[in-house]
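**Student:** If you scroll down you'll find the structure; I have some questions about it.
The values are calculated or read from the model by the stated rules, or taken from the named source; none is laboratory data. As the structure is a computational prediction, the values presented were derived from the model and not from experiment. Virtual Cβ from ideal backbone geometry, glycine too; neighbours counted across all protein chains shown.
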Amino acid sequence: MLDYDAGLPASLPEILCLITCQLTKLETALDQIKKSYPKLVPSDAALLATALSLTGRHALANYEGGQYVWPEDDEKLAAAMVPQLRLIQEAIENAAPKRVLKSAPEEEPIIVTVGLSPNFSAGEKLLADRDDLKTLLSDVLQEGVEFSYQASDIGWQWALERVNWNTVNGGDVSRRIKVRVQFTEGAVGVEVGTAPKKRSPKKAVEPEPEPVAEAIVA
């Protein structure tokens, strides 16, 4: 697998109270908020949990020193990725001979990683004039959040999987492009369903008896 990361994950500040926010199950984020802030009334806890979820779903994309907002910057980010994809394609073409056999197996895709960071503005917008909850949301993000999600839960992952790279590149791309997003700043992320499944031990198969050679009597 060809893996070209956009950058190394930035180290998180010391986490004092790590809250796990499952984007697939908002009720689990609500339970975490209630445990961490028991004095919050239920309606405020639900509002804060929803805002926290939005900071993950609408996470900001960080690529080559630029920051991009989903969904407004879809085309802008795709265009910014083209120069790197061209360099990768040229390096591959120069390093390996082209395969001429049509029956050759499909080549491994180019994997490009795009970093994510929580989108505080998305959660802040939901909270409207609740300055007290905005401050609390900021505190939660500063103390540390672990987002648990499926790929379809993140706006950028959904968008980048649907880019037609041949069109954006203005020509054919020799390899299939696969983009993956991951939290690299301000939070940690765990994509559910990616762990390899444990294989059940195979039953021992008894060897078949060897055929007995028959004696030929002249």
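**Student:** Kindly indicate whether any position in the stretch 24-35 is of a type in the set (D, E, K, R), at pLDDT below 90, exposed (fewer than 15 other Cβ atoms within 10 Å of the Cβ) and not in a helix (DSSP H, G or I). Write out each step before concluding.
**Tutor:** Looking only at the stretch 24-35, we keep the residues that are of a type in the set (D, E, K, R), and these are 25, 27, 31, 34-35.
With the extra rule that they be at pLDDT below 90, the set shrinks to 25.
Still in the list and also exposed (fewer than 15 other Cβ atoms within 10 Å of the Cβ): 25.
In the following step, the residues that additionally are not in a helix (DSSP H, G or I) were identified as 25.
Among the residues of the stretch 24-35, at least one is of a type in the set (D, E, K, R), at pLDDT below 90, exposed (fewer than 15 other Cβ atoms within 10 Å of the Cβ) and not in a helix (DSSP H, G or I), which makes the answer yes.
**Student:** Would you check if Lys198 is basic (Lys, Arg) and at pLDDT 85 or above?
**Tutor:** No, not satisfied.
Yes/no per residue for (1) closer than 18 Å to Arg57 by Cβ; (2) surrounded by 18 or more Cβ atoms within 10 Å (Cβ to Cβ):
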{"residue": "Ser121", "(1), (2)": "yes, no"}
{"residue": "Leu136", "(1), (2)": "no, yes"}
{"residue": "Glu143", "(1), (2)": "no, no"}
{"residue": "Ile154", "(1), (2)": "yes, yes"}
